[in-house]
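Working notes, structure below.
Derivation of every value follows stated rules applied to the coordinates shown; laboratory data play no part. The structure displayed is predicted, hence computed values, not measured ones. Here Cβ is always computed from backbone atoms with ideal geometry, including for glycine, and neighbour counts include all displayed protein chains.
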């Protein structure tokens, strides 16, 4: 279900992002969530595949992330694809806003997890989109690395 890594308990991971984008830097952001969203995340169900982050009016927002409704939430449940505010320092927001506007970068969610203190965090990647030839080159490199590993295992 949910796995642990150096960040804590991972709820959702956007593995496709590393294939679609060249991630140049990462930043950790907190999430402003409702109670039923946190309970739903604790069950290990969320999807950040088609989501992205956007700086708007001096604030950071996570757009199109899917956190399913909590089964026992009844009338207090949340909207599964609502915009969620990201908690980032003002200086970082200004920096990210400049990077997105000037350099044409994208803010891609890479991982949604609970840290050691039990708080929901989002690992954002500051990324540039890959072209088709970049993706082919990365595939070739990955295939060659696998083949190299196989050859090394056979020889020893």
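What the table below lists for this structure:
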{"quantity": "At R0 = 25 Å, FRET efficiency that the Cβ-Cβ distance of residue 75 and residue 117 yields, to 0.05", "calculated": "0.25"}
{"quantity": "Cα gyration tensor of the chain - equivalent ellipsoid semi-axes, whole Å, descending", "calculated": "31, 22, 14"}
{"quantity": "Sites residue 20 and residue 152, calculated FRET efficiency, Cβ-Cβ separation with R0 30 Å, nearest 0.05", "calculated": "0.50"}
{"quantity": "The stretch 58-135: Cα Rg divided by the 2.2 N^0.38 Å rule of thumb", "calculated": "1.36"}
{"quantity": "Mean separation of Cα contacts under 8 Å, 6 or more apart, over the residue count of the stretch 48-156: relative contact order %", "calculated": "20"}
{"quantity": "Projected label distance in nm at residue 49 and residue 136, using a 7 Å step from Cα toward the beta-carbon", "calculated": "2.6"}
